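Values quoted throughout were computed directly from the atomic coordinates according to the rules given, and no laboratory measurement underlies them. These numbers come from a predicted model, not from an experiment. Here Cβ is always computed from backbone atoms with ideal geometry, including for glycine, and neighbour counts include all displayed protein chains.
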């Protein structure tokens with residue numbers, strides 16, 4: 001009896017994973033918001049009320065998930081914690097082939113973005129394509145104490 005119950009629970013769990021996820025619709029393009037951190041605050045505050053600050057580098061990965069169609073990244077604008085545009089990391093549109101990846105790197109020494117930095121990334125396609133997966137991989141990997149985490153982009157609704 002227990003094995004039947006466990007099998008039913010396992011089937012329900014696995015079945016929802018296999019059948020409950022809807023693939024994203026094809027699109028001609030999107031505007032994506034990617035939260036990133038040039039540093040993270042942690043620990044206790046000092047006598048000035050400031051917590052400890054650890055700098056991290058960020059690898060931004062734009063992955064074309066379409067097995068047949070290319071997409072074009074048209075801009076990758078970088079904003080700081082206050083919403084001020086710092087720079088556009090893409091001087092001209094970049095074509096990303098099927099299943100290929102375009103990467104942007106923000107070095108650990110660049111803390112201008114702050115703990116609330118973000119990218120706004122625009123992509124387009126001539127024909128409907130699968131939306132890319134856009135993530136930020138944050139790391140500070142010295143010997144003895146390492147920090148690594150990811151963030152994921154969200155589509156910004158059209159006007």
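For this structure, a couple of remarks:
- At q = 0.13 Å⁻¹, base-10 log of I(q)/I(0) for segment 26-155 (Debye sum, equal scatterers on each alpha carbon): -0.56
- With R₀ fixed at 30 Å, the C-beta to C-beta distance from residue 63 to residue 41 puts the FRET efficiency at about 0.55.
- Counted residue by residue at 0.36 nm each, then reduced by the alpha carbon distance between them, the extension gain from residue 100 to residue 148 reaches 14.9 nm.
- Take the Cβ atoms of residue 108 and residue 70, set R0 to 30 Å, and the FRET efficiency comes out at 0.40.
- Extension gain for residue 135 to residue 156 (0.36 nm times residue separation, less C-alpha to C-alpha distance): 6.1 nm.
- Pairwise label distance in nanometres, residue 115 with residue 84, each label 7 Å out on the Cα-Cβ vector: 1.9
- Taking segment 26-155 and dividing mean pair separation by its residue count, relative contact order in percent (alpha carbons under 8 Å, at least six apart): 39
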